[in-house]
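Down below is the structure, laid out as structure tokens.
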Amino acid sequence: MSDISKRPKLTVMLATLAVLVPSSVSAQQEALETQNEITVNGLPPADLSGLEEGPDIKGFISARDADRMRVMSENGVGTTITIAEATKIRASKGLFGINRGTLAADSLLNGLPVTVKTVVWGGGLVASRINLRNNDLKTANMIRNGTAQGFADQTAATEALRGRVSDIDEYNIKGTTNVNFDTGKAVLSAQGKADLCNTAAQAEGMKNSLLLVVGYTDSTGDYEFNQQLSEKRASRVVNYMQQACGWKPYRMLTPTGMAKADPIASNDTPEGKAQNRRVAVNIMVSKGLDGL
């Protein structure tokens, strides 16, 4: 069972992907030079553990220059941070951040959302640990490498990155398809598969469109089970739309699972529970690009 509807506002609290990539290395350097320049002589120590802890910085990388980067926060405040030899860079693996892998400093691309733990050294901040999401890194790589997508696709991918540091209400929802599941299952029905590919085709016809996939459950079972099940359902839909329906990964906002939250029907009846066991596929266009 599925339905496509137009809704004025999505009641999902979700952060999505981050930020516009500067067009050249010179632009990156200029961005660093124009904001609170810090001059430090020498190199940070090989062991950062004995240094005073600094603040945790969360945002996206707005500029890179050798061993420095500028991280822009959600409220527009930029912080220059030194990347040391001892800096540990870790990326989540898998769709929902299970397990982690170690990366090199050259993986810190412009536009990448990061969370940075810092220490104080030489009058400035040094990154002791940088955490990022593997999915964000893949998207940033796609944009940097300028793969085969056209200008409109590039714009959509860039807007997907920008979305992580803005509210979901910055998007217009052009339509929603609900795909339903059996109790305790994450198996797509034949009808559900057809509906997903129809939705991908519909979204393809909308310039600069992105897809946001959100999984839900009914009230059966405890929270941990339902959370995992809602994530699994969302993941199954994302994989099918990319593999079978041809939807490009960089036009997919970060999926999420909401367990039994935001039911669209009463969980007091079997019919209501059947409606709540769903994945919602939302066709979205940034308000700044809608109509372009």
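Computed quantities for the displayed model
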quantity: Distance violations [Cα-Cα > 28 Å] among 88/185; 248/273; 117/185; 88/248; 58/287; calculated: 88/185; 248/273; 117/185; 88/248
quantity: Percent carbon-and-sulfur accessible area, the range 203-292, ignoring ligands, DNA and RNA, probe 1.4 Å; calculated: 49
quantity: Net charge over other residues, Cβ less than 9 angstrom from the Cβ of residue 116 (K, R count +1; D, E count -1); calculated: +2
quantity: Surrounding net charge for residue 230, when Lys and Arg each add one and Asp and Glu each subtract one, Cβ distance under 10 Å; calculated: +4
quantity: Full-stretch length increase - residue 185, residue 287 - with 0.36 nm per residue and alpha-carbon distance subtracted; calculated: 33.2 nm
quantity: Net lengthening on full extension, residue 77/residue 202 (0.36 nm per residue, minus Cα-Cα); calculated: 41.2 nm
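The values are calculated or read from the model by the stated rules, or taken from the named source; none is laboratory data. All values reported here derive from a predicted model rather than from experimental measurement. When we count neighbours, we look across all protein chains shown, and the Cβ atoms used for this are built from the backbone with ideal geometry, even at glycine. These area figures cover heavy atoms from the full protein model, side chains too; ligands, DNA and RNA do not enter into them. Shrake-Rupley method; radii C 1.70, N 1.55, O 1.52, S 1.80 Å.
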